[in-house]
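> Quick one: the structure is below, and I'll ask about it shortly.
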Amino acid sequence: MTAQAPAEGMVVGSNLERVLRAGHFAVCGEMGPPQSCSAQAVLNKVSLFKGNVDAVNLTDNQTAIVRMSSIAAAKLILDEGLEPIIQMTVRDRNRIGLQSDLLGAAALGIRNVLCLSGDHMRFGNHGSAKAVYDIDSVQLVNTVHRMREESLLICGDGTPPKPRKPDAPWNNVPTPLFVGAASNPFGDPLEFRVVRLAKKIAAGADFIQTQAIYDLPRFERFMAMVRDRGLHEKVFIMAGVLPVKSPRALTYMRDDVPGMSIPEELVKRMEGAEDKEEEGIAMCVEIIERVRAIEGVRGVHIMPPMWEKVIPAIVSRAGLLPRPTFEGEPA
């Protein structure tokens, strides 16, 4: 697939980039690839996202459980007219494998990547697996940025090195990827969370997706510190929200997932709800409405773990429809 030149003012011209640069409040959704090679399992979920989100995150072996490759799943939904964001963790691959997959994803027409560390193996189904962590997530952000802006690999070679014929069309081809990173406003100390965000921006991040937000006062303090440093003007920040079906999901995140802040009143609210799934959706919509009013938040990232069917209801009830469209095809 030959990459088209991005429109003026764009770095790659993906739909997500267009939405953000046009000043719209962006909406992303998250899809977990199946624990099988079933393409149909991916395709069955396309209608839940189409017309409701600007781009779809495809997780990379989330919770350290073996799943279909995020790149393969991304190609499947791309062919159905949905824009993917591949998630890529440094947990499973060294710098050779990471860069190879980035080149392959770009060749398939994928234009967005979210760079992550990855969940620890103890959460998954291969607890004895060895973690790689050849580079960290900040270095991965910088790697993708340099592959795009300088056509350089980590080792300093071009992508590829200069061929024998200097005028050959494949001489130092940029890797057109809109670069994302994650931020967790709920880890301690809070000040370090802002410093780490600044490092990811300096490394070349174009957009940020945050950890799931339940503790709104804490997130508001985080964003105030972000604004004090002017970081909200250097990167597109998308607030993460995660709808839950039960109080048990909240207590699990509170007690067993590092870097989560779950207010007790939300747990009690879910425990007292007659229809707990409906209450989970209502809570998610309320959080979206609150974060949308915070200066510096440019979008929302909805993460329904294996509960993608709630995406249309959440987006509609949060007043996020219709989604913006643009003339012409993305790069």
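> Which whole-number percentage describes the relative contact order of the range 87-218, with Cα contacts under 8 Å and a sequence gap of 6 or more?
Reported relative contact order: 26 percent.
> Test of understanding: extend the Cα→C-beta vector of MET306 to 7 Å, then name every residue of the range 73-105 with backbone N under 19 Å from that spot.
The answer is 73, whose backbone nitrogens lie closer than 19 Å to the label point.
> Another question about this same structure. With angles folded into 0 to 90 degrees, how steeply does helix 216-228 sit against the dominant principal axis of the chain? Use alpha carbons for both and round to 10.
Value to nearest ten degrees: 40.
> What does the C-alpha gyration tensor say about the overall shape of the range 266-331? Classify as rounded when a/c is under 1.5, otherwise prolate if a/b is larger than b/c, or oblate. Numbers along the way, then the final one.
On the way: a/c = 2.75, a/b = 1.81, b/c = 1.52.
Prolate, since a/c reaches 1.5 and a/b exceeds b/c.
> When you count, for each residue, the other Cβ atoms within 10 Å and take the mean per peptide, how do 49-62, 275-288 rank with the highest first?
49-62, 275-288
> Over the chain, what per residue volume does the convex hull of the Cα atoms give, in whole Å³?
Normalising the Cα hull of the chain by residue number yields 139 Å³.
> For LYS130, go through the aspartates and glutamates and keep the ones whose alpha-carbon is under 17 Å away, minus same-chain ones fewer than eight residues off.
ASP60, ASP92, ASP119
> Quick check: the angle from helix 190-203's long axis to the longest principal axis of the chain, C-alpha only, nearest 10 degrees?
Computed tilt is about 20 degrees.
> Could I ask something else about it? Can you tell me how the range 183-266 classifies by the Cα gyration tensor, rounded, prolate or oblate, using a/c under 1.5 as the rounded cut?
prolate
> Pull up the cross-link candidates among the lysines for LYS245, meaning alpha carbon to alpha carbon under 26 Å and not fewer than 8 places away within one chain.
By straight Cα distance, LYS245 reaches LYS45, LYS50, LYS268, LYS276, LYS309.
> Rounded, prolate or oblate: which fits the range 111-159 when a ≥ b ≥ c are the square roots of the eigenvalues of the alpha-carbon gyration tensor, with rounded for a/c under 1.5 and prolate only if a/b beats b/c?
prolate
> Pairing the Cα long axis of helix 95-107 with the longest principal axis of the chain, what angle in degrees results, from 0 to 90 and rounded to the nearest 10?
Compared with the principal axis, the helix lies near 90 degrees.
> Return the FRET efficiency for the residue pair GLU191, TYR133: r is the Cβ-Cβ distance, R0 is 25 Å, and the value is rounded to the nearest 0.05.
0.50
> Taking a cut-off of 18 Å between Cα atoms, list the lysines near LYS234, but don't count ones fewer than 8 places away on the same chain.
The qualifying lysines are LYS199, LYS200.
> Provide the convex hull volume over Cα atoms per residue for the range 27-147, in Å³. Don't jump to the answer; show the numbers that get you there.
Values: hull volume 12.1 nm³, N = 121.
Measuring per residue, one finds 100 Å³ for the Cα hull of the range 27-147.
> Of all GluC sites (Glu not before Pro) in the range 1-86, which ones are in loop regions per DSSP and have a Cβ with at most 11 other Cβ atoms within 10 Å?
GLU8
> Moving on. Summing Lys, Arg as +1 and Asp, Glu as -1, what charge do residues with Cβ under 10 Å from the Cβ of SER261 carry, SER261 excluded?
Value of the local net charge: 0.
> Give me the distance between the Cα centres of the range 129-159 and the range 75-93, rounded to whole Å.
A separation of 18 Å, based on Cα centres.
> Run the simple label-point estimate for LYS50 and SER38 please: 7 Å along Cα→C-beta, distance reported in nm.
Taking the two extended label points, one gets 2.0 nm.
> Relative contact order of the chain, please, whole-number percent, based on alpha carbon pairs below 8 angstrom and at least 6 residues apart.
20 percent
> Can you divide the C-alpha Rg of the range 209-331 by 2.2 N^0.38 Å and report the result to two decimal places?
For the range 209-331, the normalised Cα radius of gyration comes out at 1.14.
> Right, next: Could you work out which residue, out of VAL195, VAL19, VAL11, moves most in a Gaussian network model of the chain, that is, has the largest mean-square fluctuation with Cα springs under 10 Å?
VAL195
> Under a point spin-label approximation (7 Å from Cα along Cα-to-Cβ), what is the CYS155-LYS268 distance to one decimal in nm?
6.0 nm
Every number here is computed from the coordinates shown, using simple stated rules; none is lab data. Everything numeric here is computed off the predicted structure, so don't read it as measured data. Every residue, glycine among them, receives a Cβ derived from its backbone with ideal geometry; neighbour counts consider all protein chains shown.
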